[in-house]
Amino acid sequence: MTATIITIMIVLLLLGFPMMIPLMTAAFVGFFMSFGGLGQMETLIQQMMRGISPTALIAVPMFILAADIMTRGQSANRLIDMVMSFVGHIKGGLAVSTATSCTLFGAVSGSTQATVVAVGSPLRPRMLKAGYKDPFTLALIINSSDIAFLIPPSIGMIIYGVISQTSIAELFIAGIGPGLLILAMFSTYCIIYAIVNKVPTEPKASWKERGVAVQKALWPLGFPVLIVGGIYGGVFSPTEAAAACVLYAVLLEFVIFRSLKLPDMFTIAKSTGLITAVVFILVAAGNGFSWVISFAQIPQAILGTFGINEAGPVGVLIAISIAFFVACMFVDPIVVILVLTPIFAPAIAASGLDPVLVGVLITLQVAIGSATPPFGCDIFTAIAIFKRPYLEVIKGTPPFIFMLVSAAALIIAYPQIALFLRDLAFR
């Protein structure tokens, strides 16, 4: 049965079907083989509907909508201008500003692809004009967007939290430490790159100019304060924080900045609806698939074959890292989380690992895989946005992938990188 399901998924993927089709087909075939027919098909349908019934998932379309409003408005540019005013003049300052802007925008969008568009579109031309090579620039933008998957709010963490029944609030705060660690690693590399390649520096902004930039960015900076402060101050839940973000984004872009008009909202709502529909179909199909393979005890068989059930906590974390990293090189991150999390659930429970630590590591690995050849989804987002050939987009990625993998190794070796803030807030 295991071989049949895997073969079906691979064949359908190679034939070019969207991921929801292989997932649902594999679930139906697995159900047929387990129950000997389709007479109880309503059971599978119920499991699929259960996948999209948790109220926590309401946060996903809310954060997507808020990110879309900000991307089309002025919030991203105001954040970029503020960061540039403080670090743009140092060696490698423009590249450091790009990485920092990705981190800040990640704190208001939670989406790697939205970050590639919002930050990469205005900053790539400036970096090329300043003397940075395009492969380095593209790789920096793509991989810095990975930080958006770790810094709250993170759509990946919401999906993992729902699937594994882990506290989303704890996952959010645990992602901050690893996100800042990666930002520090990227910034150091950017400075070294600029020194080695003799990239000229930007003019230094005066304190008056910095003050103006900070003043303009104060409203967009309210997003992370609203999300993190609201959740950990006990004002509202992560789902309520998402709704508050939408309201805040509407007030900001439509009323205060007046960068958008009412007709723009229809376009934004349509885009959000399409993305949300795809995500929820994937979640439903993934939950049905997970239920079928769990009922057939396929996870235990796979883990037993590779001896992961007998591995210690570190061995399980390494196995998870490799599996999620490799899978996201070929498949969409949400699908990977939906499919692989239930497979590793028995080993995670048996080893006594903290599910929050596992969630942070999984989120990091799917983010790395999303920017890694051959089929990382962020690579193709960059190809579409910047209209550059595939080989040019991936040429500069190896140093960044090495740093991201190093960050994952550090988290495995020193879990407190992820758990320190969580423990401070919740223990």
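The values are calculated or read from the model by the stated rules, or taken from the named source; none is laboratory data. Just so we're clear, the structure is a prediction, and the values are computed from it rather than from any experiment. Positions of Cβ are generated from backbone atoms using ideal geometry, with glycine treated the same way; all protein chains shown enter the neighbour counts. Ligands, DNA and RNA are stripped out before the accessible areas are found, and what is left, the full protein with its side chains, is counted by its heavy atoms. Shrake-Rupley method; radii C 1.70, N 1.55, O 1.52, S 1.80 Å.
Is it the case, given these coordinates, that A284 is surrounded by 21 or more Cβ atoms within 10 Å (Cβ to Cβ), of a type in the set (A, V, I, L, M) and in contact (Cβ under 8 Å) with a residue 40 or more places away in the chain? Explain how you work it out, then say what you get.
Numbers: surrounded by 21 or more Cβ atoms within 10 Å (Cβ to Cβ): yes; of a type in the set (A, V, I, L, M): yes; in contact (Cβ under 8 Å) with a residue 40 or more places away in the chain: yes.
So A284 passes the test.
Just one of the listed residues (G37, G88, G106, G93) is in contact with a Ser or Thr (Cβ under 8 Å, 6 or more places away or on another chain), at pLDDT below 85 and over 25 Å from V162 (Cβ atoms), and it is G88.
Does F402 satisfy being assigned to a helix (DSSP H, G or I), under 30 Å from G229 (Cα atoms) and more than 17 Å from the chain's Cα centre (by Cα)? Spell out the reasoning first.
Working: assigned to a helix (DSSP H, G or I): yes; under 30 Å from G229 (Cα atoms): no; more than 17 Å from the chain's Cα centre (by Cα): yes.
Spelling it out, it is not the case that F402 is assigned to a helix (DSSP H, G or I), under 30 Å from G229 (Cα atoms) and more than 17 Å from the chain's Cα centre (by Cα).
Among the criteria (1) surrounded by fewer than 23 Cβ atoms within 10 Å (Cβ to Cβ); (2) under 21 Å from I69 (Cβ atoms), the one P152 does not fulfil is (1). Checked against the criteria, F136 does not count as in contact with a helix residue (DSSP H, G or I) (Cβ under 6 Å, 6 or more places away or on another chain) and aromatic (F, W, Y). Could we say that G177 is at negative phi, assigned to a helix (DSSP H, G or I) and within 18 Å of the chain's Cα centre (by Cα) here? For G177, the condition - at negative phi, assigned to a helix (DSSP H, G or I) and within 18 Å of the chain's Cα centre (by Cα) - is met.
Pull up region 230-280, narrow it to residues that are among the hydroxyl-bearing types (S, T, Y) and farther than 20 Å from S75 by Cβ, then point me to the one that is most open to solvent (accessible area, probe 1.4 Å).
Quick first cut of region 230-280, residues among the hydroxyl-bearing types (S, T, Y) only: 232, 237, 239, 248, 259, 267, 271-272, 276.
From what's left, farther than 20 Å from S75 by Cβ: 232, 237, 239, 276.
Values: Y232: 63, S237: 46, T239: 33, T276: 23 Å².
Among residues in region 230-280 that are among the hydroxyl-bearing types (S, T, Y) and farther than 20 Å from S75 by Cβ, the one most open to solvent (accessible area, probe 1.4 Å) is Y232.
For region 187-219, filtered to residues that are more than 22 Å from M127 (Cα to Cα) and not in a helix (DSSP H, G or I), the residue that is most open to solvent (accessible area, probe 1.4 Å) is W219.
The residue of region 316-354 that is farthest from I163 (Cα to Cα), among those that are among the polar types (S, T, N, Q) and within 16 Å of the chain's Cα centre (by Cα), is S321.
Could you tell me which of the residues I348, I383 is without any contact (Cβ under 8 Å) to a residue 12 or more places away in the chain, part of a helix (DSSP H, G or I) and β-branched (V, I, T)?
Details: I348 fails: without any contact (Cβ under 8 Å) to a residue 12 or more places away in the chain.
Only one candidate passes the filter, namely I383.
Just wondering, is there one or more residues in region 155-163 that are assigned to a loop (DSSP other than H, G, I, E, B), touching a residue at least 60 places away in the same chain (Cβ under 8 Å) and within 28 Å of W291 (Cα to Cα)? Checked region 155-163: no residue is assigned to a loop (DSSP other than H, G, I, E, B), touching a residue at least 60 places away in the same chain (Cβ under 8 Å) and within 28 Å of W291 (Cα to Cα).
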